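Okay, so here's the structure we're looking at.
The values are calculated or read from the model by the stated rules, or taken from the named source; none is laboratory data. Keep in mind that this is a model prediction, so the values were computed, not measured. Glycine also receives a Cβ, built like all others from the backbone with ideal geometry; neighbour counts cover every protein chain displayed. Remember, those area values only see protein heavy atoms, side chains included, never the ligands or the DNA or RNA. Shrake-Rupley method; radii C 1.70, N 1.55, O 1.52, S 1.80 Å.
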Amino acid sequence: MTLLNESNLRSITVRIPILNSRYQRITGKTVYEIGCHAAGVEPMPMSERRSLKVASVPVTAGGGLIGNFAEVVAIILQRFTDVEAFVTQGTDVTGFQEAILAGADIIFTADDVTCLAYNVHTGKQSDNSLATGRAFAALLELASGMIDDEVLVLGMGKVGIGAYRFLTEKGIPVKWYDPKPNISNDIDREMIEPRWKDACWKYIIDATYTPCFIDAENVSADSVVAAPGIPFGLTSEAVDKSRLIIHDELETGIVTMICEAMQA
Ligand code: PYL
């Protein structure tokens with residue numbers, strides 16, 4: 001997983017006011033509705049969401065605090081899902097305890113390996129990487145209308161696995177590639193496409209951490225590319241040639257996490 005940096009957090013903050021209208025324009029849904037679609041849950045009425053308390057706990061362990069990461073998570077939740085989100089004063093285990101004592105219904109927290117949402121009442125948890133994969137597969141599906149060709153998923157880490165699961169649950173055909181596949185049992189090994197570079201793809205999900213490796217030859221003027229990967233995997237020529245590129249660094253993944261954590 002690529003760790004976000006302060007520049008990523010600044011661009012997220014700048015994008016927050018415009019993301020709902022951008023995604024509504026290309027998918028017909030708000031970020032919250034996209035998160036529900038990705039998680040496979042019905043939207044909760046706003047009056048119920050407003051009464052949910054959600055804590056964001058900063059973690060100093062490992063590489064430590066990343067700028068105002070915990071604040072940005074709380075802002076994303078507040079802005080797109082209308083819950084009452086707050087950042088704990090304490091960090092790490094102390095912050096986690098503070099969240100419980102403050103009556104948090106759901107707790108978000110992240111170290112260098114895992115970004116977690118935990119539902120205190122049901123024990124339900126959501127992992128950001130898997131949720132992000134589902135979120136970008138949902139964005140690709142919604143923005144494409146009817147998917148009439150195979151979707152190429154590049155990278156079969158947790159983000160790629162989340163995307164693969166969402167697509168196959170919907171009956172959408174998937175090809176995938178990862179140079180070092182270490183995949184879970186539900187991934188069909190027959191669908192690996194080692195020669196993906198020799199083809200042009202209408203639908204791509206870039207779930208890798210590789211910069212600028214998807215070239216203009218791999219896309220067409222019809223292509224829709226969902227790119228949660230950081231750094232961004234397309235060359236500028238591939239971006240210019242594609243019909244649509246969908247990219248955000250944190251927002252849809254975080255919103256999908258709360259939708260998963262609120263599942264019954
Ligand atoms: C969840 C994001 C999405 C992409 N990379 C992931 C990342 O940056 N994870 C690290 C988060 C660390 C947060 C730090 C803090 O400020 O609380 N421990």
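Looking for something over 19 Å from residue 7 (Cα atoms), open to solvent by less than 30 Å² (accessible area, probe 1.4 Å) and in contact (Cβ under 8 Å) with a residue 40 or more places away in the chain - is there at least one such residue anywhere in segment 61-73? Can you show your working first?
Going residue by residue through segment 61-73, those that are over 19 Å from residue 7 (Cα atoms) are 61-62.
With open to solvent by less than 30 Å² (accessible area, probe 1.4 Å) added as a condition, the list becomes none.
Scanning segment 61-73, I find no residue that is over 19 Å from residue 7 (Cα atoms), open to solvent by less than 30 Å² (accessible area, probe 1.4 Å) and in contact (Cβ under 8 Å) with a residue 40 or more places away in the chain, so the answer is no.
Any idea which of 147, 106 is open to solvent by less than 20 Å² (accessible area, probe 1.4 Å) and of a type in the set (Val, Ile, Thr)? Quick ask: steps written out before the conclusion?
On the way: 147 fails: open to solvent by less than 20 Å² (accessible area, probe 1.4 Å).
The match here is 106.
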Going residue by residue through segment 29-45, is there one that turns out to be modelled with pLDDT of 95 or more and farther than 19 Å from residue 258 by Cβ? no
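Just give me the residues in segment 212-261 being in a loop (DSSP other than H, G, I, E, B) and within 16 Å of the ligand (Cβ to nearest atom), in sequence order.
The initial filter retains those residues of segment 212-261 that are in a loop (DSSP other than H, G, I, E, B), namely 212-213, 215, 227-233, 235, 242-243, 247-250.
Of everything in segment 212-261, those that are in a loop (DSSP other than H, G, I, E, B) and within 16 Å of the ligand (Cβ to nearest atom) turn out to be 227, 228, 229, 230, 231, 232, 233, 247, 248, 249, 250.
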Given (1) surrounded by fewer than 19 Cβ atoms within 10 Å (Cβ to Cβ); (2) farther than 25 Å from residue 235 by Cα; (3) in contact (Cβ under 8 Å) with a residue 40 or more places away in the chain, number of the condition residue 165 does not satisfy: (3)
If you go through segment 216-236 one residue at a time, how many are modelled with pLDDT of 95 or more and either among the aromatic types (Phe, Trp, Tyr) or farther than 21 Å from residue 144 by Cα (or both)? 2
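The rows are residues; the columns are (1) out of contact with any helix residue (DSSP H, G or I) (no Cβ under 9 Å at 6 or more places or on another chain); (2) under 18 Å from residue 132 (Cα atoms); (3) surrounded by fewer than 14 Cβ atoms within 10 Å (Cβ to Cβ).
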position: 174; (1), (2), (3): no, yes, no
position: 194; (1), (2), (3): yes, no, yes
position: 201; (1), (2), (3): no, no, no
position: 205; (1), (2), (3): no, yes, no
position: 220; (1), (2), (3): no, no, yes
position: 227; (1), (2), (3): no, yes, no
position: 233; (1), (2), (3): yes, yes, no
position: 256; (1), (2), (3): no, yes, no
